[in-house]
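Worksheet for the structure shown next.
The values are calculated or read from the model by the stated rules, or taken from the named source; none is laboratory data. Worth saying up front: this structure is predicted, and the values here are computed from it rather than measured. Positions of Cβ are generated from backbone atoms using ideal geometry, with glycine treated the same way; all protein chains shown enter the neighbour counts. Side chains included, ligands, DNA and RNA excluded: accessible areas come from the protein's heavy atoms. Shrake-Rupley method; radii C 1.70, N 1.55, O 1.52, S 1.80 Å.
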Amino acid sequence: LPEGQGQGWGRTLIETFINRLRELTVPAVHLGVGKNNMRAVGFYRSVGFHTIQEFPWGYLLGRFV
């Protein structure tokens, strides 16, 4: 929601999630995001995700943990 954006909560959530995956020895994580949501694409790239594959509907992004 707009009132929750830009306050660092997304980055904190991703960092917490990635740290837990490390504890579980998960090597990598991926997600899908729509092309019409470029703000989310930019956010995920800023926290270390890269494009694995592009589709007509969006992107498959991933990163090593």
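Tell me yes or no: at least one residue of the range 8-19 is out of contact with any helix residue (DSSP H, G or I) (no Cβ under 6 Å at 6 or more places or on another chain) and touching a residue at least 40 places away in the same chain (Cβ under 8 Å).
Checked the range 8-19: at least one residue is out of contact with any helix residue (DSSP H, G or I) (no Cβ under 6 Å at 6 or more places or on another chain) and touching a residue at least 40 places away in the same chain (Cβ under 8 Å).
Of the residues in the range 9-32, how many are closer than 11 Å to residue 65 by Cβ, open to solvent by less than 100 Å² (accessible area, probe 1.4 Å) and polar (S, T, N, Q)?
Within the range 9-32, residues that are closer than 11 Å to residue 65 by Cβ, open to solvent by less than 100 Å² (accessible area, probe 1.4 Å) and polar (S, T, N, Q) number 1.
Can you work out which of the residues in the range 29-64 that are among the β-branched types (Val, Ile, Thr) and closer than 13 Å to residue 18 by Cα is nearest to the chain's Cα centre (by Cα)?
Across the range 29-64, the extreme among qualifying residues is 47.
Out of the range 1-53, which residues are modelled with pLDDT of 95 or more and part of a loop (DSSP other than H, G, I, E, B)?
Listed by number, the residues that qualify are 24, 25, 26, 27, 35, 36, 37, 47, 48, 49.
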